[in-house]
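Asker: This structure is in structure tokens; I'll ask about it shortly.
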Amino acid sequence: MEVATVDIKWDKILVTGDPLILASQIAIVLTMIGIVVGLTYFKKWGYLWREWLTSVDHKRIGIMYMIMGVLMFFRGGVDGLMMKAQTAVPENTFLDAQHYNEVFTTHGVIMILFMAMPMLIGIMNIVVPLQIGARDVAFPQMNLLSFWLTFAGALLFNISFVVGGSPDAGWTSYFPLAGKEFTPGIGNNYYMVAIQIAGFGTLMTGINFIVTILKLRAPGMTLMKMPMFTWTTLITSLIIVIAFPIFTIALLLGALDRIYGAHFFTVSAGGLDMLWANLFWLWAHPEVYIVILPAFGIYSEIVATFTKKRLYGYTSMVLAIVIISVLSMLVWVHHFYTMGVGPAVNSVFSITTAAIAIPTGVKIFNWLFTMRKGRIEFTQPMMWTLAFIPTFTIGGVTGVMLGMAATDFQYHNTLFLVGHFHYTLIPGVVYAVFAAIYYWWPKVFGFKLSERIGKWHFWLFNIGFNLTFFPFYLLGLMGAARRMYTYSAESGFFPLYFISAVGAFIIAAGFVAFAYNIYWSTRYAKRTTANDPWGNTRTLEWATATPVPHYNFAVIPEVRDVDAYWDMKKNGDKYLTLEPKDIKPIHLPNNSGQPFYMGMMAFLAGLFLVFELKVLFYIFAALFFAGMIYRSFDYDEGYYVPVEEIIEKERTWRDDSKWKAN
């Protein structure tokens, strides 16, 4: 095996010479100083360590995922704005070709893997244990380790643009472009290593939620009585466990090629570059449904709540989710119809691609029939849900167009394709995340986000989104290729590119409105301890105190209906009429600093592997595995929440006179 070498100029390891990167470096330093000074001044280091960084409470872990997702949304959004600024006018020099390549690569990776995934996994963490009536997930400490591995991967990937240089081979990182022959720097090492670390965290999450949902459901909650969001989380977790190992192996082989001189994907010595394309899309197309299916579950919960109706066609929706999950593994070749696999193979995958539209369409009609004759409340969660349906349908219809192999030869690698996947992923993921934040925020924090500011957020984001991405369809049909950093005035692309750039900055204004909403509501919104702030909720997460206590439920409720909490309110339930004498001590796990330690060891091991300092990599990898060995000898059996503490919390939302303080 010929050992690959990397041309590392150690005196130039800190990226310099670009005013944008210099500004970022200054901002990073000032932000870090501000955080350290603030935590020290307000004496919050102990609080941060005890209550957050080492907490195994699924709700706090979920909030940390969400914070990370919002930060990555900002970072990926800035990349998007830079691309739109570059292409706003012909022959622009705002970004050079190399910088543009790095920007669109990091934009794609961050938005899919470090924004969408953490956002949705954060929502799963907060909501699913509550929906199934559990105290926590099945493996609380592994849950925290999953977060810290994801965080370590995201941190490693995000330092690339200031330390060593960013990946520049696209979010797909196709070989041989991503190999040492064509990109000899360390940028694409970051891709192979950082995503690998974060992927292990995601894989652990998938395993954790499968066990949690199958083994920790409340008494009486059969599979066909689970809330729809729990169903989509279960199927998503199964897809994660099936698909992520494929990408794990692909990244391992890619790292061996780049760092150890192997020839799995090279154009020489028996390598096969198309092997990467197949392995990548065997993971990446199921990944689309890993982020879309939880969103479908979110919309299902919201539609039922704000139409005041049971979800139409529950069984058919469950069946549709299962069919989508199976077909998601059978369509990957439609991403490279043009790469020479032949008409027979293309025809098979055209059929499977068209077939997956059927169960997706079933879900659309389920939501529409649920809303039919419903008394719809136009709250922020419902408005995002209503906006999703037509925009996602546009993305779905154009997806069927792209799924036809013969026509794909026209659309492939044009902006038509870029328009398609933004019209599916933004309404299908980002809109769902916003809807979920508005919907579950009062349950987690005890106050609603402002509806008034929320409307500014909604309209700015929706108008900006359509202005930004609908022109891509037209540009693609005119022949505009994706990933092009400039174009000539004679091409005729300028008007549509300029409209698209204006739309992107309107989206940014919408994000600013969202951030301001969080700030304003945190300071001024009316607080509530009502367990059901919306008044029409249907599932178990609303059958406990607000904000949700660390033990979740004073007593695990019994379930008789798919809309468990709605059934309790309608027919009466002993859970809602508990007496203080029914309360017993509750067992919970202790916090742990070990996942934080292991996450930092993974980060340092990954950093040294990126720079091909193999001895240091082996040392920190060994320290990581030492943490695993230590965990196997950890006999910490947790603690019990005293009855008095539970009673004090339950008094905040139970109106019965039996709960009044003496």
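The values are calculated or read from the model by the stated rules, or taken from the named source; none is laboratory data. Everything quoted here is computed from the prediction, not taken from an experiment. With ideal geometry, Cβ positions are generated from the backbone for all residues, glycine too; neighbour counts draw on all protein chains shown. The accessibility values were calculated without ligands, DNA or RNA, using every heavy atom of the protein model including side chains. Shrake-Rupley method; radii C 1.70, N 1.55, O 1.52, S 1.80 Å.
Asker: Which aspartates and glutamates does K43 reach when only Cα atoms under 14 Å apart count, and residues fewer than 8 places away in its own chain are ignored?
Answerer: E51
Asker: Could you tell me what percent of the accessible area of segment 380-483 is made up of carbon and sulfur, with a 1.4 Å probe and every protein chain present?
Answerer: 77 percent
Asker: With 30 Å as the limit, write out which pairs from K569/K649; K455/K570; K526/K581 have Cα-Cα distances beyond it, or answer none.
Answerer: As for pairs spanning more than 30 Å Cα to Cα, those are K455/K570; K526/K581.
Asker: A further question on this structure: Could you pull out every one of the lysines with an alpha carbon less than 24 Å from that of K614, ignoring same-chain neighbours closer than 8 positions?
Answerer: In chain and number order, the partners are K9, K12, K180.
Asker: If I model segment 46-170 as equal point scatterers sitting on the Cα atoms and use the Debye formula, what is log10 I(q)/I(0) at q = 0.11, 0.13, 0.23 Å⁻¹?
Answerer: The Debye formula, applied to the Cα set alone, gives -0.47, -0.61, -1.25.
Asker: Just the number: Rg to Rh for segment 162-313, Cα atoms, Kirkwood Rh, two decimals.
Answerer: 1.13
Asker: Separate question: Give me the distance between the Cα centres of segment 64-88 and segment 220-293, rounded to whole Å.
Answerer: Here the two parts' Cα centres lie 24 Å apart.
Asker: Return the loop-located chymotrypsin sites (Phe, Trp or Tyr not before Pro) in segment 320-399 (DSSP other than H, G, I, E, B) with at most 11 other Cβ atoms within 10 Å of their own Cβ; answer none if there are none.
Answerer: For chymotrypsin sites (Phe, Trp or Tyr not before Pro) across segment 320-399 that sit outside H, G, I, E and B with at most 11 neighbouring Cβ atoms in 10 Å, the list reads F378.
Asker: Per residue, what volume in Å³ does the Cα convex hull of segment 273-335 take up?
Answerer: 73 Å³
Asker: If I histogram all Cα-Cα distances within segment 121-214 using bins 5 Å wide from 0, what percent of pairs lands in each bin?
Answerer: The distribution over segment 121-214 is 3, 13, 20, 16, 13, 10, 9, 8, 5, 2, 0, given as percents.
Asker: In straight Cα distance, which lysines are under 23 Å from K215, not counting same-chain residues fewer than 8 positions off?
Answerer: Hits, sequence-local ones excluded: K59, K225, K584.
Asker: Just to be sure I follow the definition: excluding the sites themselves, where is the longest run in the chain that has none of the GluC sites (Glu not before Pro) in a DSSP loop with at most 11 other Cβ atoms within 10 Å?
Answerer: Counting at most 11 other Cβ atoms within 10 Å as exposed, the longest clean stretch of the chain is 92-636.
Asker: If you don't mind, there's one more thing I want to ask. How big is the convex hull of the Cα atoms of segment 234-301, per residue, in Å³?
Answerer: So the per-residue Cα hull volume is 72 Å³.
Asker: Give me the 1.4 Å probe accessible area per residue for the chain, excluding ligands and nucleic acids, in Å².
Answerer: Result: 41 Å² per residue.
Asker: Measure off, as a whole percent, the carbon and sulfur share of the 1.4 Å-probe accessible area of segment 153-300, all protein chains present.
Answerer: 77 percent
Asker: Per DSSP H run of at least 4 residues, take -39500 (n - 2.57); add these up for the chain, divide by its residues and hand me the 222 nm value, nearest 500 deg cm²/dmol.
Answerer: Mean residue ellipticity at 222 nm (helix-derived): -21500 deg cm²/dmol.
Asker: Now, a different point. Need one value: the accessible area of R538 in square angstrom, 1.4 angstrom probe, rounded to the nearest 10.
Answerer: My reading of the accessible area for R538 is about 10 Å².
Asker: OK, next. Which one is right for this structure if Kirkwood radius over Cα pairs in Å is calculated from it: (i) 27.7; (ii) 26.1; (iii) 28.9?
Answerer: So the structure-derived entry is (ii).
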